[in-house]
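Bear in mind these aren't lab numbers, they're just calculated from the coordinates by the rules spelled out. All values derive from a computational prediction rather than experimental measurement. Glycine also receives a Cβ, built like all others from the backbone with ideal geometry; neighbour counts cover every protein chain displayed.
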Amino acid sequence: MKAIIRILRARRAAARRAARLLLAGAFALGLIAPAFAEPPLEKTEIRYQGWAGQVTFTELAEDLGYLAPLKLKWIGNTISGPQDIQTVVTGDIDVGGAFYGAIIKLIAAKAPIKAVVGYYGSDANTYYGYYVKDDSPIKTARDLIGKKVAVNTLGAHLEFVLREYLARNGLSAVEVKQVTLVAVPPVTAEQALRQGQVEVSALSGVLRDKALERGGIRSLFNDTDLFGQFTGGAYVLREKFIKDNPNMARKLVEGISRAIQWAQTAPPDEVRARFNRIIAERKRNEDASSIKYWKSTGVASNGGVISDAELQVWVDWLVRDGLLKPGQIKASDTYTNEFNYFRPGKTAEAR
């Protein structure tokens, strides 16, 4: 009897081993979905705005395969972060990005949005500079009183940085108001400076490098002179979008953060080559010559993970400027890292 029991047990053990082998083979062949498969997405289309001659990290994420099965739907281009996130608020697009100060102001105005991943910033290679002509008498912040400064849009990164520069150099609130900001499309900012329409133009990236190659202009100051390396802005989502589409939101933000990290770590030549191919394949009749000047993301954190400190500097600035009341906005309430692939505590590398 004992011998029969041993034989039965041996057969059952062999059957279990065979079943495990069959199951492993089925997983390997993709015949059975693993238990840890991603949950189904609520929708598969993401609406966004692009930038002419540039590749956004949302577009890069799709090209790298990080968004699938999500598909991007391009609805046009923008030249302004504030316009981009206002279009998110109105529901005309699903994801857009802007300077942290503009995001905070919009949230203070009761806009139901959350910053979800930092996407641009300044470092030694990628920064905004404020330029004057070589023969300009402007040497200091005080020399800007009564002068005109070209920025891409009002109420965004370039205005905040300029006003911080003026304040740090001792100009009073009354004197700061005597420096006139002029909204100028970035592609014409150099021309406006050279033709004397403004005394100072803010330039970055290819527009800055091309202008410097042509000569005749000099730097007054850079944003990194004030803040060092910093992430300056984030992509935002509507809170309702996150609530209604949690799986979609996670897939989108994880994909964008992975694309940012790829661009942070890949050789610049490889990044530029991919950007050029993306622009060529999307066929929007645009000039891609600026891509050869791309040097870095400027994003200070791995994959654009957001921190309180990044936003608090601008919360404090808005309070000092009287645009916010003390305690009106908490930095931690304006963003979430919940969906970032590199969020603290997440073992992204194990996935």
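The phi-based Karplus calculation (6.51 cos²θ - 1.76 cosθ + 1.60; θ = phi - 60°) puts the 3J(HN,Hα) values of the stretch 50-62 at x, 10, 4, x, 10, 10, 7, 5, 5, 5, 4, 4, 5 Hz, whole numbers, x for Gly and Pro. If you sort the three axes of the alpha carbon gyration tensor as a ≥ b ≥ c, you get a/c of 1.5 or more for the stretch 275-351 and a/b no higher than b/c, which makes it oblate. Helix-only arithmetic for the chain: the sum of -39500 (n - 2.57) across DSSP H runs with n ≥ 4, divided by the residue total, places the mean residue ellipticity at 222 nm at -12500 deg cm²/dmol. How far, in degrees from 0 to 90, does helix 308-320 lean away from the longest principal axis of the Cα atoms of the chain, to the nearest 10? The angle comes out at about 30 degrees. Under a 5 Å amide H cut-off, with hydrogens placed 1.01 Å from N, LEU181 pairs with VAL149 among residues at least 5 apart or on other chains.
Since only LEU207, GLN197, LEU237 are under comparison, the one whose Cα sits farthest along the positive direction of the charge dipole of the stretch 169-245, derived from C-beta charges on Lys, Arg, Asp and Glu, is LEU237. Can you give me the long-range amide H partners of LEU72? Hydrogens built in the peptide plane at 1.01 Å from N, cutoff under 5 Å, separation of 5 or more residues or another chain. Sorted by chain and number, the residues that satisfy this are ILE46.
Rounded to the nearest 20, the size of the Cβ-charge dipole of the chain about its Cα centre is 2020 debye, with Lys and Arg at +1 and Asp and Glu at -1. Here the stretch 203-247 is treated as a Stokes sphere of Kirkwood radius computed over C-alpha pairs; at 20 °C and 1.002 mPa s its diffusion coefficient rounds to 151 µm²/s.
Cut-off 10 angstrom, C-alpha nodes, Gaussian network model of the chain. Which of ALA124, ALA300, ALA115 fluctuates the most? Result for the chain, Cα springs under 10 Å: ALA124 fluctuates most. Taking the square roots of 5 times each eigenvalue of the Cα gyration tensor of the stretch 192-301, largest first, gives ellipsoid semi-axes of 31, 20, 16 Å.
For the stretch 191-323, what is the relative contact order in percent, using Cα pairs closer than 8 Å and at least 6 residues apart in sequence? Relative CO of the stretch 191-323 lands at 33 percent. Take every Cα pair under 8 Å whose residues are at least 6 apart in sequence, average their separation, divide by the length of the stretch 71-177, and the relative contact order is 25 percent.
The structure-derived value of Cα Rg over 2.2 N^0.38 Å appears in the list (i) 1.01; (ii) 1.47; (iii) 1.24 under the label (iii).
The mean sequence separation of alpha-carbon pairs under 8 Å and at least six residues apart, normalised by the residue count of the chain, gives a relative contact order of 25 percent. Residues whose amide H lies under 5 Å from that of ILE217, counting only those 5 or more places away or on a different chain, are ASP134; hydrogens are built 1.01 Å from N in the peptide plane. Remark: spin-label model distance LYS283-VAL182 equals 4.0 nm, labels positioned 7 Å along the Cα→Cβ axis.
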